[in-house]
Structures are given as C-alpha cells and as structure tokens.
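Chemist: The structure is given below, and queries will be raised subsequently.
The values are calculated or read from the model by the stated rules, or taken from the named source; none is laboratory data. All values derive from a computational prediction rather than experimental measurement. Backbone-built Cβ (ideal geometry, glycine too); neighbour counts: all protein chains shown. With ligands, DNA and RNA removed, areas are computed over all heavy atoms of the protein, side chains included. Shrake-Rupley method; radii C 1.70, N 1.55, O 1.52, S 1.80 Å.
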Amino acid sequence: VWMASPAQFSRSDVAAHRSFDSCWTIIHNNVYDITSWISKHPGGDLIRQGAGTECTAIFESSHPPYVNESYLSKYKIGELIPEERDQRYNYHGEFWTVLKKRVWGHFKTNNIDRHDCVEYYLKSLLLFSLFAMFYVMGLYYGTYKLTLVAAIIGPLCAICIMHDGQHGAASKHPFVNHATGWLIDFFGSSGLVWKHEHNLGHHQYTNTETDPDATSGAPFVRLSPLAPHEWYHKYQHLYIWVMYSVIMIRWYFVDYYHYFTGDFNGTKLYPASKVENVLFWLGKLTYITYTFLLPAYLYGVGWGVIYYLTFAVAASYSFAFQFTVNHLTPDVHWPTNAPDQEKDWAKMQILTSSNYAVDSSLAAFFSGGLNFQIEHHLFPTFCHVHYKSRIAPIVQQTCKEFDVPYNAIPSYWEAISGHYYQLRALGNPKTIS
C-alpha cells in the first residue's frame, strides 16, 4: 500500500503560525497544529509557550510517560525538514525513560497530587502576609527598618510562590497558576517575558550558547566558557557584585522593550492573550505605585527614590544569589557540539545543574526548592515542596544505578563561594578548558 510522505516544514514556516487562530509547534521534530487543543489543554494556556517554536523539552518534562507522540498523532501535520532538526538531545534514552516512569509512578501508586499542596499554600500565605504586614507598617509609621524587612521578604514570595505558578506547578487549575505566577509582575518583572527567558530558553537549553541565563551578562560579564573573553573580565569577580544590584531595575525597564517589539533575543514572543496583556500592565503599574509613587506622595520624592532603590536592590541580590549558584559553579558542565558530547537530555540537565544543602529543610524552604535544581529541571511541573522528600531520593538512586554524577554542594556558603571562584576562573581563559 502506497503511503504519501509527510509534509515537511521549516522553522520559519512554523514560526509564522503562533497566533490564537493558527498555532503550530515542534515536538520531537514533528510539526503539530495545536490550535484546537489550546482551549482544551488541562494546563491551560501554558501550552502557548510552544507557539511557533520548539517545545520538546518542555513537553517531555511536563507530561507523564503515557502522554507521548502517539497521543498527539491527530494533531500532527508534518515533520521538520531534516537540515533544521535539533541534534543536541536524545529524549528516548534508557536513563530518562526509567527515571520518568519511576517518579510519575511513585506519585500515582501512592495517590499523591503533584499540585495543590497544603504546605505550598500555607507557605505562600505566610510569606505574602509577612510582606504585606511589614510594608504597610513601614509606610504607616514611616519606619525604614520595617520597609527594609518587607523588601527582603518580597523576593522570597516571588521565588517561593511565583516560580511554581509560572511552571504550572502550583495547581491543576490554570487560574491559580496565573494568580501565583503574577507575583513576578507584582515584584517588578514580567511573567510573559519570564516564560520566554526562563521556561523556553533556560530550561530547554541549559548552559548552552542559547541559554539566556548563561549569556545575560554579555559583554560586561563572562558567565560561560562558551562566551568570548574580554580583558576586563579579569576583574569580573570583583565588580559583578555591584552589577547584581541593578538586575531588577534592568528587568523592569527592558520588559517594555520586549513587550513592544515582540522580540526576545532574536526570538518572537508569542502574542499575549487579553489576560496576559492585563497582567503585564497591572504588574508594571502596581510595582511602581507601591515602591515609588505612594512613598513619594506620603513622604516626598526623596523618600520615594529611597523606597524604590531599597525594593529594587534587595530583589536584585535575592534573585542573583538564588539563581547563580545552581548553574554557574565550577562543577557544572557546558555542552558543546563536539561529536562525543552526551546527548541524553535528562543526563545533561543533571550535569549542567548543581544542588546545594540538600539535607537542610531551611534551605529548601527559603529557596523555594531551588536548592534541588536538578529535580526542578527534570520535573518542573511538580510543586517544589515534593523535591526534597519524594523526588530527590528517586533521582539519586537512579543516578547511582546508571553511574550519572549527581552534583550536590554541601552548603549554600560553598555554593556561593564556588560561584565566586567560577567567575574568577572565567576571567582568565587559560584556566578554562
């Protein structure tokens, strides 16, 4: 029986279909028209992250083993042309197949919900209530010390609450994920841009030349051995601590550029929905109101500036000190296009990440589970409260069986020290192979 060859499309063909009326995506080098599936998707409009682009890694890390290519067959319209297929990763290796089956099977067998965890909701309520209380008290009494406490607690809300929401890990209800995920907007950045930078860019291509987290400092800072070296990088381990202080200020304003140009590092943003447009502008207005306009109205412009800088700098350092220790330390791997490069996607997620203080419940609480970065990258749609007690033991055991290095730094201090030494080493290319 003669069968017609499947239609073939280029990446530019797929990129032309990223709207609500026509939404295509690429998974395992197959092209799918998911337009009719968006409104039915159990995870809500998070599926639109793949609009007009590749989303294989997100698909693999977000769904149980039984949701595979055959499940999507009715939406398949063709294949990616051979010369544009991504050869970096293999998603069908024995290690990932076994690990994925074990983790999802553990939750199913024990009837454990990966979402809607009481511990997560209580933690969220506690942190945000403390932030609101100290902010209101500081503003009402005109006490800067209370405001400083609020500024320190605020980023913890973003890290511990919004991160799960942005990955669809907070709840099985999309509305809850939107609400918790919006805290990144409330604290100065944009959830819409975050999805493109973090979910699509960083999680899919960790520590590669296209990972936004590995290239964000260029040309002033060399965070990756894959990046070009400049003479002034010799001093980056000294001046970077000043640059870290303005991360949130940069995020707040550069979001406008991404929003109006529809571009993120050369990649088109998928068109924002009505909800995403409202959340973007509501976030920008809310943040500038409580960090500057309200204090300026009550106590004068000078105090408004002080309040704004307090919140911006505190958040900048909080984000910097949380995210840099997970991938920018000496023991992590930097993938290349070498013929002998490891191709197993799951192994590469482990090799390019580092955990820290895995025995500390305190570290797990205040980092929002980011001290289990390996587990987070492998299973980002599981609520972070499960990482330490339920997922990590399975990952560690499977790594041991398959002889996969599991990088766990003993303490946070050693992790941040490692980041310092990594920066110093990257400043001198002779020390980097």
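Chemist: Leaving out same-chain residues fewer than 8 places away, which lysines sit with a Cα under 24 Å from that of Lys234?
Modeler: Within the straight-line limit of under 24 Å, Lys234 reaches these lysines: Lys430.
Chemist: Calculate for the chain the 222 nm mean residue ellipticity that helices alone would give, adding -39,500 (n - 2.57) per DSSP H run of length 4 or more and normalising by residue count, nearest 500 deg cm²/dmol.
Modeler: Numbers: 20 runs with 205 residues, N = 433.
That comes out to -14000 deg cm²/dmol.
Chemist: Which part of segment 61-98 falls in the paramagnetic zone of Ser10, meaning amide N under 19 Å from the point 7 Å along Cα-to-beta-carbon?
Modeler: Counting only backbone N, you get 78-87.
Chemist: Give the aspartates and glutamates reachable from Lys100 as a straight Cα distance under 12 Å; neighbours fewer than 8 places away on the same chain don't count.
Modeler: Partners within reach: Glu60, Glu375.
Chemist: Right, next: Bin by bin, in steps of 10 Å, what percent of the Cα pairs in segment 8-86 do you find, going until the bin that has the longest distance?
Modeler: For segment 8-86, the pair-distance distribution reads 20, 59, 21, 1.
Chemist: Now for a separate question. For a quick check: with amide H placed at 1.01 Å from N, whose amide H comes under 5 Å from Gly78's, ignoring anything fewer than 5 positions away on the same chain?
Modeler: HN-HN under 5 Å from Gly78: Val31.
Chemist: Another question, then. How are the alpha carbon pair distances in segment 281-433 distributed across 5 Å bins from zero to the largest one, expressed in percent?
Modeler: Pairs per bin, as whole percents: 2, 8, 14, 16, 15, 12, 10, 9, 7, 4, 2, 1, 0.
Chemist: Of all DSSP beta bridges in segment 8-86, what percent run antiparallel (nearest 5)?
Modeler: 75 percent
Chemist: For Ala338 and Leu122, FRET efficiency with R0 = 45 Å and r from the beta-carbon atoms, rounded to 0.05? Kindly include the intermediate steps, with their values, before the conclusion.
Modeler: Working: r = 47 Å, r/R0 = 1.05.
Step by step, r from the Cβ atoms, then E = 0.40.
Chemist: In the neighborhood of Tyr356, defined by Cβ-to-Cβ distances under 12 Å, what is the net charge if each Lys or Arg adds +1 and each Asp or Glu adds -1?
Modeler: -3
Chemist: Here's a follow-up. In nm, to one decimal, how far is the Phe321 label point from the Thr286 one, both placed 7 Å along Cα→Cβ?
Modeler: For the pair Phe321/Thr286, the computed spacing is 2.5 nm.
Chemist: Could you count how many Lys pairs in segment 268-424 have their Cα atoms under 22 Å apart, skipping same-chain pairs fewer than 8 positions apart?
Modeler: Close lysine pairs found across segment 268-424: 6.
Chemist: For Arg250 and Ile394, calculate 0.36 nm times their separation in residues minus their Cα-Cα distance, and state this gained length in nm to one decimal.
Modeler: Length gained, Arg250 through Ile394: 47.9 nm.
Chemist: Using a 1.4 angstrom probe, figure out how much accessible area the chain has per residue, in square angstrom, rounded to the nearest whole.
Modeler: Values: 19670 Å² over 433 residues.
The answer is 45 Å² per residue.
Chemist: Mind giving me the FRET efficiency for Thr35 and Trp231? R0 is 35 Å, r the Cβ-Cβ distance, nearest 0.05 is fine.
Modeler: The calculated FRET efficiency here is 0.10.
Chemist: Further question on the same structure: For Ser273 and Thr143, compute 0.36 nm times the residue count separating them, minus their Cα-Cα distance, and round to one decimal in nm.
Modeler: Here the segment from Ser273 to Thr143 would lengthen by 42.8 nm.
Chemist: Which number comes out as Rg/Rh for segment 193-342 once both Rg and the Kirkwood Rh are worked out on C-alpha atoms?
Modeler: Checking Rg against Rh, the ratio lands at 1.02.
Chemist: Straight-line reach from Lys76: which lysines fall under 17 Å, measuring Cα to Cα and dropping same-chain residues less than 8 apart?
Modeler: Lys40
Chemist: How far apart, in nanometres, would the label points at Glu94 and Ala179 be if each is projected 7 angstrom from Cα along the Cα-to-Cβ direction?
Modeler: It is 4.7 nm.
Chemist: If I take every Cα pair under 8 Å that is 6 or more residues apart in the chain, average their sequence separation and divide by the length, what percent do I get for the relative contact order?
Modeler: On the way: 645 pairs, mean separation 80.3, N = 433.
With pairs under 8 Å counted, the relative contact order is 19 percent.
Chemist: What does the highest-first list of 355-361, 408-414 look like by mean Cβ count within 10 Å?
Modeler: 355-361, 408-414
Chemist: State the dimensionless ratio Rg/Rh of the chain (Rg: radius of gyration of Cα atoms; Rh: Kirkwood radius).
Modeler: Using Cα coordinates only, the ratio equals 0.96.
Chemist: Over segment 113-172, how many percent of alpha carbon pairs lie in each 5 Å bin up to the one with the longest distance?
Modeler: Answer for segment 113-172: a P(r) of 4, 20, 24, 18, 13, 10, 7, 3, 1 percent.
Chemist: Something else now. Sticking with the crude label model, points 7 Å out along Cα→Cβ, report the distance from Ser361 to Ser417 in nm, one decimal please.
Modeler: Once both label points are built, they end up 2.7 nm from each other.
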